[in-house]
């Protein structure tokens, strides 16, 4: 009996203890406040991730664009520097062209050729062609007198070239001239004051020059990256007496 009495007196005590703690725990307001704070933190975290992703995408696009113009510059520097004639650039609406005549790329140098086998460097015709639809810059080569057939594919020097203004039907002639990818400067001709730079406005070149002006654009929107190539190459094998006509002109479609 004594044991039963202890059980009866102990049960009400436990019930009262449970009732005393009935309001303990987390209220609805506290839950909502906590969820709001977590939501703000998640929004900040997500925004940071998106910004990093955009920055990485833009950096990759810029690196790709810079690589395109860098490769084109290196190749053109070797090709145009030793040209002995540069033609007048032109366009047919779908492509921009400029031809030049120079030493064949595979011609061995004097150091590589034994004295008993030395011959005159072999020369070839070359053409820079910018495809306005695809934004691709290509280099074509052929033996003088044997021009390539129309539509012949060339060696790609750069891609992702911006051509919107050049192929636009609403752009003015002045706008297209300002964005012309190729500009020839004849030996003996003066230079524009805006392009004189450190040489001065009175400088007159003794060699033909070819200005290459290209803009490479990679990506879209926030991930877009662009870089510009604006360089003037001097053809050291030309002079003021270089004739304007050359057999390489037959390579123009």
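Annotations for the structure displayed:
- Of all residues in segment 196-212, those satisfying the criterion of being touching a strand residue (DSSP E or B) at 6+ places or on another chain (Cβ under 8 Å) and either modelled with pLDDT under 85 or assigned to a strand (DSSP E or B) (or both) are 205, 209, 210, 211, 212.
Each row is one residue, and each column tells you yes or no for (1) closer than 30 Å to residue 173 by Cβ; (2) modelled with pLDDT under 80.
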residue: 36; (1), (2): no, no
residue: 56; (1), (2): no, yes
residue: 59; (1), (2): no, yes
residue: 62; (1), (2): no, yes
residue: 73; (1), (2): yes, no
residue: 78; (1), (2): no, no
residue: 84; (1), (2): no, no
residue: 91; (1), (2): yes, no
residue: 97; (1), (2): yes, no
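- Count - residues of segment 144-186 that are touching a strand residue (DSSP E or B) at 6+ places or on another chain (Cβ under 8 Å) and surrounded by 13 or more Cβ atoms within 10 Å (Cβ to Cβ): 21
- Residues that are touching a strand residue (DSSP E or B) at 6+ places or on another chain (Cβ under 9 Å) and in a strand (DSSP E or B) do occur in segment 71-83, at least one of them.
- Residue check, residue 113 more than 21 Å from residue 227 (Cβ to Cβ) and at pLDDT below 85: yes
- Candidate set from segment 119-131 (those that are surrounded by 10 or more Cβ atoms within 10 Å (Cβ to Cβ) and more than 30 Å from residue 166 (Cα to Cα)); member that is modelled with the highest pLDDT: 123
- Residue tally, condition free of Cβ contacts under 8 Å to residues at least 60 places away in the same chain, part of a strand (DSSP E or B) and under 19 Å from the mean Cα position of the chain (by Cα), over segment 131-176: 5
- So residue 60, is it touching a helix residue (DSSP H, G or I) at 6+ places or on another chain (Cβ under 9 Å) and part of a helix (DSSP H, G or I): yes
- If you go through segment 222-253 and pick out every residue that is in contact with a helix residue (DSSP H, G or I) (Cβ under 9 Å, 6 or more places away or on another chain) and over 28 Å from residue 94 (Cβ atoms), you end up with 5.
The values are calculated or read from the model by the stated rules, or taken from the named source; none is laboratory data. What you see is a predicted model, and the numbers here were worked out from it, not measured in a lab. Because the Cβ atoms are built from the backbone with ideal geometry, glycine has one as well, and the counts that use them run over all protein chains shown.
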